[in-house]
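Read-outs throughout are calculated quantities, based only on the coordinates presented, and are distinct from any laboratory measurement. Everything quoted here is computed from the prediction, not taken from an experiment. Don't worry about glycine lacking a Cβ; one is built from the backbone with ideal geometry, like all the others, and counts go over all protein chains shown.
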Amino acid sequence: MTTLAVPNIEARLLDILGPEGLMLSAAQMAPFLVDHRQLYHGRARAVAAPRTVEEVSRLLAWCNDERIGVVPQGGNTGYCGGATPDESGCEIVLCMRRLARIRSVDALNYSLLAEAGCTLHEVRAAADAAARLFPLSLGSEGSCQIGGNLSTNAGGLSVLRYGMMRDLVLGLEVVLADGRLLPCAQALRKDNTGYDVKSLFVGAEGTLGIITAANLKLFPQIRSSATAFVALPDIAGAVALLSELRAASGDRVSSFELIPRIAVELAARHIPLVADPLGHPHPWYVLCELSSSEEGTALAEVLERALGDALERGAILDAAIAQNERQRQALWRLRENIPEAQRRDGASLKHDLSLPITVLAQFVERAAAWLDANVPEGRLVAYGHLGDGNLHFNLNQAPGADRTRFLAREAVVKRAVHDLVRDFGGSFSAEHGIGQLKIDELARYAPPVELEVMRAIKRALDPRGILNPGKVLGTEPP
Ligand code: FAD
Ligand code: 2HG
Ligand code: ZN
C-alpha cells in the first residue's frame, strides 16, 4: 500500500512539521520502533511529532494523497503491538507527545478538555488541581496518553465504579484519514443527534482516525476510603465476598482485584519495598477498596464488620486493613507492580480474558487443569480485575524451563485458552485490544457479520487504508 518512491518526502514533512516535529535518524526513531513488551520490531520512514491539530490535519491529507501508512503512537505502553510500524520502512509513526495541552477544566460541569498527548497522570493532576477526580487508573499512568487510553478503550483498577474509557468520554476531536477535522469535543452529557460517531473511534486503535483531543468526565474527589488485603481459599469465595461487600457498603466498592499467591511472591521477590502484607501464605487474595466523596464516612467500620463476619464464617482466611495512607499505598504498590514483577521473572504468555463473574472459578479450574497436563514449561499467574470479570490469565516460564521451548507453546496455549473462554461465553480481549497480536483471534471468534460491519466502517472512514495499516482487521484489502 505504501510506497518508497514518493519524491521529496523529507522536504514535504519538514514543510508541514518544522525541524522540531520530525525525527529521521536511526537513533531518534529507535524508541518508537519497538513495543513495550518487545514483541514487535518495526521500521519507519520517519517519526512525525506535530504540535498542533492543524499540523496533524495537513500531515494526514498529504499521507492520504500519497498513500503513505500512518501509525499513531501515544505512550507506547500498549500490550498488543498496535503502535509499532511494520517492517517495510515505508510507514510514518505519528508521535502524539507534543500535542499535550489541557485546554480547559470546567469544574461546575465536571468536565476537562485535554489534548490527546497528555499523559493520564497529567490529566488526573489537572482534575485534582480543580478539586475533581478523573478516575481512570492504570499502572502505566505516568507514560500512557489520553489518546492511547481512548484508542484502546482502557480499563484498569476502578472500572467497577466508573466504567472503562468509553464511559468516561463526553466528546472527541478527531482528524480523519483525508485530513478533515471532526470537531465534536463538546462537553454534553446528552446528545442524541443521530449516530454516536465519536464512539467509533474509542477502541479503534488508530485505524479509523487520529484522536487529537477529548472532553472527559470528572467526578467528585475521594474524601474517605477503606482498603483491605483479604486472603481466601478460592475464587468462588472472592466472587461471593464482592457481592456481600457491594450490598453492605451501599455499593461503594470501587476496586476489587484478584491476586494469586504466586503474584505476591513474584512482586515481593522482584519489586523493592514490596512485602507479603499477611503473615502466612494463602492460595488467593483480593485487594478491595471502598471509597466515597463524602468525608468522615464509616467505610472502615463497614469493611471491618463485613470482613469480621466473613472470617467467623470461614469464608475468608485472613485480612489486613490499611490503617493509614502509607499502608494503603503499599498494598496498591504490590498490585500495580505485578506486570513488572512478571516481566522481571522471565518470559510470559498473556491472555486478557473477560468472563461473566459467575463462571470465573469454574473457568480457572478447567483451564488450570489443562495447563497442568499440557504445559509443564509454564506456571500460571492469573490475576486481574475480578469485579469486572477481567482475568489476566498469564503464564510465566517455570523456574529452570527453557525460554525458547516455553515460548514455542504460545499458539497451542492461546488456542486452548481462548476456545475455552468462548465455551464459557467470554471474550479473548477484555481491555488490551487487538493490535497485531490478536488479529487472528478476532477473525476466529468474532461473528462474521460483525466483521463485515467492521470492514464496512473501515472502508467508509479510511478508503485508502492509510490509518494504522494491518492492525485490528489484518492486511485484507479494506
Ligand atoms: P499506545 O501503546 O501508544 O497505543 C495504543 C493504540 O492506540 C495503538 O493502536 C495506537 O496506534 C493507538 N493510538 C495511540 N494514540 C492515538 C491517538 N491519539 N489517536 C488514534 N490512535 C492512537 N491497560 C488497561 O486497560 N488496564 C490496565 O490496568 C493496564 N495496566 C497496565 C500496566 C502497565 C505496567 C502497562 C505497561 C500497561 C498497562 N495497560 C493497561 C496497557 C496500556 O497502558 C493501555 O492500553 C493504554 O491505554 C495505552 O496507552 P498508550 O498511550 O501507551 O497507547
Ligand atoms: C494490569 O491489570 C494490566 O495490571 C496488565 O492490565 C496485565 O500484564 C498484564 O497481563
Ligand atoms: Zn488489567
Here the gain from full extension of E295 to D251, 0.36 nm per residue of separation minus their alpha-carbon distance, amounts to 14.2 nm
Applied in sequence order to segment 96-108, the curve 6.51 cos²θ - 1.76 cosθ + 1.60 (Karplus, θ = phi - 60°) yields integer Hz couplings, x standing for Gly and Pro, of 9, 5, 8, 9, 9, 9, 7, 6, 6, 10, 10, 5, 5
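What is the sum of charges, Lys and Arg at +1 and Asp and Glu at -1, for the other residues whose Cβ falls under 9 Å from the Cβ of A430?
Working: positive: none; negative: D352, D388, E431.
Local charge sum for A430: -3.
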What helix-only [θ] at 222 nm does the chain give? Using -39500 (n - 2.57) per DSSP H run of at least 4, over all residues, to the nearest 500, the answer is -10000 deg cm²/dmol
For 397-403, 432-438, ranked highest to lowest by mean beta-carbon neighbours within 10 Å, the order is 432-438, 397-403
For segment 383-390, Karplus-derived ³J(HN,Hα) couplings (6.51, -1.76, 1.60; θ = phi - 60°; whole Hz; x for glycine and proline) come out as 9, x, 8, 4, x, 9, x, 9
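Quote the charge dipole size of the chain about the Cα centre in Debye, to the nearest 20; the model charges only the Cβ of Lys and Arg (+1) and of Asp and Glu (-1). Show your work: numbers first, answer last.
On the way: 49 positive and 56 negative charges, 110 e Å.
Magnitude of the dipole: close to 520 debye.
In segment 1-132, what % of DSSP beta bridges are antiparallel (nearest 5)? Walk me through the numbers on the way to the answer.
Numbers: 7 of 14 bridges.
Rounded to the nearest five, the antiparallel share is 50 percent.
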Site Q221, offset 7 angstrom along Cα→Cβ, radius 12 Å on amide nitrogen, limited to segment 118-157, gives 125-134
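Give me the net charge of R366's neighbourhood, meaning all other residues with Cβ under 12 Å from the Cβ of R366; Lys, Arg count +1, Asp, Glu -1. If you can, show how the numbers build up before the last one.
On the way: positive: none; negative: E365, D372, D419, D423.
Net local charge, R366 excluded: -4.
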Compactness check, segment 394-478: C-alpha Rg relative to the 2.2 N^0.38 Å globular estimate gives 1.33
One would report the antiparallel percent of DSSP beta bridges in the chain, rounded to the nearest 5, as 85
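Which order do W370, W332 fall in if you start with the one that has the fewest other Cβ atoms within 10 Å? Numbers along the way, then the final one.
Numbers: W370 14, W332 18.
So the residues, fewest neighbours to most, are W370, W332.
Determine, from the Cβ-Cβ distance of D440 and A275 and an R0 of 51 Å, the FRET efficiency 1/(1 + (r/R0)^6), rounded to the nearest 0.05. Spell out each step's value before the answer.
Numbers: r = 41 Å, r/R0 = 0.80.
Taking R0 as 51 Å, the efficiency between D440 and A275 is 0.80.
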Taking a ≥ b ≥ c as the square roots of the Cα gyration tensor eigenvalues, with a/c under 1.5 meaning rounded and otherwise prolate when a/b beats b/c or oblate if not, segment 143-265 comes out prolate
Sorted by chain and number, the residues with a modelled amide H under 5 Å from that of N394, at a separation of 5 or more or across chains, are H351, V381, A382, Y383
In the neighbourhood of L355 defined by beta carbon distances under 14 Å, the net charge of the other residues (Lys, Arg +1; Asp, Glu -1) is -4
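I'd like the FRET efficiency for H121 and E312, computed as 1/(1 + (r/R0)^6) with the beta carbon distance as r and R0 of 30 Å, rounded to 0.05. Numbers along the way, then the final one.
Details: r = 42 Å, r/R0 = 1.39.
E(calc), rounded to 0.05, equals 0.10.
About its Cα centre, how strong a charge dipole does segment 176-259 have in debye, to the nearest 20, once Lys and Arg get +1 and Asp and Glu get -1 at the Cβ?
Numbers: 8 positive and 8 negative charges, 87 e Å.
Magnitude of the dipole: close to 420 debye.
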Per the 1/(1 + (r/R0)^6) rule, R0 = 56 Å and r from the Cβ atoms of E365 and S88, FRET efficiency to 0.05 is 0.80
Filtered hits (lysines, Cα-Cα < 20 Å from K414, offset >= 8 within chain) -> K350, K438, K471
Taking 309-321, 189-201 and ranking on average Cβ neighbours within 10 Å, highest first, one gets 309-321, 189-201
Here the gain from full extension of A398 to E410, 0.36 nm per residue of separation minus their alpha-carbon distance, amounts to 2.9 nm
Under 12 Å by backbone N from the virtual spin label 7 Å along Cα-to-Cβ at R12, the residues of segment 64-86 are 64-69
Note: A131 to R67 extended length (0.36 nm per residue) minus current alpha-carbon separation gives 18.4 nm
